[in-house]
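Everything on this sheet refers to the single structure shown next.
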Amino acid sequence: MADAMTSQDAQNAWAALVQGVRTGVLLTLRNGWPFGSHVPYVFGSDWTRAYLHLSQLALHTQHLLADPRLSLFISEPDRPEKNPLALKRMNLQGEAVILPPDAPSYAAIKKQYLARFPLAAPMFGFGDFALWELKLQDAHLVLGFGQAFTSTAATPLTWTHQRPEQQVGTKN
């Protein structure tokens, strides 16, 4: 029952999803249209900050340099025994900035990133790669049928159940 889920349940589900799924789809703007790229990520202390290690040679990086607005979509993997419409998934929106190597958080984020993706270590020596900080403002978390939650950067630990009357196009 969806109403039985608490904000803390949604928070726990978010944490489990991003721990269990190591990559997401980064959506950038290319000529005014969404452009998706598969990217590995790590999160900060909550969902409002995510970090990517990107090459400036990649199209998605060029898009972010031109327009920092983005969406990051994370979904549990589909499996034959699962209903694909009930997969746990999250969509985040915000903006991206390069995290300079002299930023106070850079060393800790790099260490966290390499702990999760040790094969990325050589790329930190390449001049065209940089850590990017995603400053995320809005989150939409779907945990199954009737279990959709939203959160904002103003209150990142509070997840509000998305009731049908909040959906666009729903008649009263």
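For segment 41-59, which residues satisfy the criterion of being surrounded by 16 or more Cβ atoms within 10 Å (Cβ to Cβ), in contact (Cβ under 8 Å) with a residue 40 or more places away in the chain and part of a strand (DSSP E or B)? Passing the criteria: V42, R49, A50, Y51, L52, H53, L54. Checking the structure you have, find out if any residue of segment 76-87 is out of contact with any strand residue (DSSP E or B) (no Cβ under 7 Å at 6 or more places or on another chain), aliphatic (A, V, I, L, M) and at pLDDT below 95. Within segment 76-87 (the criterion being out of contact with any strand residue (DSSP E or B) (no Cβ under 7 Å at 6 or more places or on another chain), aliphatic (A, V, I, L, M) and at pLDDT below 95), the answer is yes, since at least one residue qualifies.
The single condition from (1) more than 30 Å from T6 (Cα to Cα); (2) exposed (fewer than 15 other Cβ atoms within 10 Å of the Cβ); (3) aromatic (F, W, Y) that F129 fails is (2). Scanning segment 1-32 for residues that are of a type in the set (G, A, S) and surrounded by 14 or more Cβ atoms within 10 Å (Cβ to Cβ) gives A2, S7, A10, A13, G24.
The values are calculated or read from the model by the stated rules, or taken from the named source; none is laboratory data. Predicted, not measured: the structure shown is a model, and the values here were computed from it. Here the Cβ is made from the backbone with ideal geometry for all residues, glycine too, and neighbour counts use every protein chain on show.
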